[in-house]
Ligand code: GLP
């Protein structure tokens, strides 16, 4: 399913409402959470809506998708700090149920296995939120990743390190490797919402649309997932064929 909204705030409204509906119907849901610029307005809107509706988030479990190898949980650019700042500290989550990969794990490969095992023990993901990298990666599953790959350590693609440089201070080095849930765990999620906003995603979204499922563009695998919604704004959808855009525009700026 493909849905196109006018802009990132209309996208945020929709995704936030979908999250709230999921949590209301299953207060002990397991959420798969993502980071990145795309998620920031979504988490901000979710926090507002959750407060307004008095949503109970204390029984939720979450597993984050990925983390840079070498960054501690209090490094300002770690995804741990991102999640604390953009979501966790704002609502009454149960910290014991919030799972993140540890960038300082002594043995990252073993840590990935343990993380995947913990996720299985929690019953897998009910609802997975995904952004997409400029090269089509999801989590940090870079082009060429085998579709059956479980949680693993990955050397980041050059384009990913360039794209993510904007989050780091001038002169700081973007880590060369990361840990990520694999396409295996992502595809096992019972429902997936992939979000892409902005012109910088237009090309890869058009490629996703045009191409068959291929390891070269990791998020094409979502075409095989029975309950995935692709949620775009008009800028990210701008290179899709006109007839697709016309059929799918469902939201207008508020
Ligand atoms: C990062 C993350 C992904 C994220 C993607 C898009 O590298 N590992 O999980 O979805 O890139 O990020 P952004 O939303 O900032 O474009």
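The values are calculated or read from the model by the stated rules, or taken from the named source; none is laboratory data. Remember, it's a predicted structure, so these values are computed and weren't measured experimentally. Backbone-built Cβ (ideal geometry, glycine too); neighbour counts: all protein chains shown.
Here 157, 169 are screened, and the one residue that is away from the ligand (no atom under 13 Å from the Cβ), at pLDDT below 95 and over 22 Å from residue 243 (Cβ atoms) is 169. If we scan the stretch 88-110, do we find a residue that is assigned to a helix (DSSP H, G or I), within 15 Å of the ligand (Cβ to nearest atom) and either out of contact with any helix residue (DSSP H, G or I) (no Cβ under 8 Å at 6 or more places or on another chain) or in contact (Cβ under 8 Å) with a residue 60 or more places away in the chain (or both)? No, the conditions are met nowhere in the stretch 88-110. Of all positions in the stretch 113-120, at least one carries a residue that is buried (at least 22 other Cβ atoms within 10 Å of the Cβ), modelled with pLDDT of 95 or more, out of contact with any helix residue (DSSP H, G or I) (no Cβ under 8 Å at 6 or more places or on another chain) and farther than 21 Å from residue 18 by Cβ. Summed over the stretch 28-57, the residues that are away from the ligand (no atom under 16 Å from the Cβ), in a helix (DSSP H, G or I) and surrounded by 15 or more Cβ atoms within 10 Å (Cβ to Cβ) give a count of 3. Only one of (1) out of contact with any strand residue (DSSP E or B) (no Cβ under 8 Å at 6 or more places or on another chain); (2) more than 12 Å from the ligand (Cβ to nearest atom); (3) in a loop (DSSP other than H, G, I, E, B) fails for residue 123. Which number is that? Going through (1) out of contact with any strand residue (DSSP E or B) (no Cβ under 8 Å at 6 or more places or on another chain); (2) more than 12 Å from the ligand (Cβ to nearest atom); (3) in a loop (DSSP other than H, G, I, E, B) one by one, residue 123 breaks only (1). Does residue 132 satisfy being in contact with a strand residue (DSSP E or B) (Cβ under 6 Å, 6 or more places away or on another chain), farther than 20 Å from residue 18 by Cα, within 12 Å of the ligand (Cβ to nearest atom) and modelled with pLDDT of 95 or more? When the stated conditions are applied, residue 132 does not pass them. Within the stretch 15-27, being surrounded by fewer than 20 Cβ atoms within 10 Å (Cβ to Cβ) and either part of a helix (DSSP H, G or I) or touching a helix residue (DSSP H, G or I) at 6+ places or on another chain (Cβ under 8 Å) (or both) holds for 17, 18, 20, 21, 22, 24, 25. Say whether the condition of being in contact with a strand residue (DSSP E or B) (Cβ under 8 Å, 6 or more places away or on another chain) and within 21 Å of residue 33 (Cα to Cα) is met by at least one residue in the stretch 159-168. The answer is no; no qualifying residue exists. Could you go through the stretch 60-83 and let me know if any residue there is within 25 Å of residue 20 (Cβ to Cβ), surrounded by fewer than 20 Cβ atoms within 10 Å (Cβ to Cβ) and more than 16 Å from the ligand (Cβ to nearest atom). There is no residue in the stretch 60-83 that is within 25 Å of residue 20 (Cβ to Cβ), surrounded by fewer than 20 Cβ atoms within 10 Å (Cβ to Cβ) and more than 16 Å from the ligand (Cβ to nearest atom).
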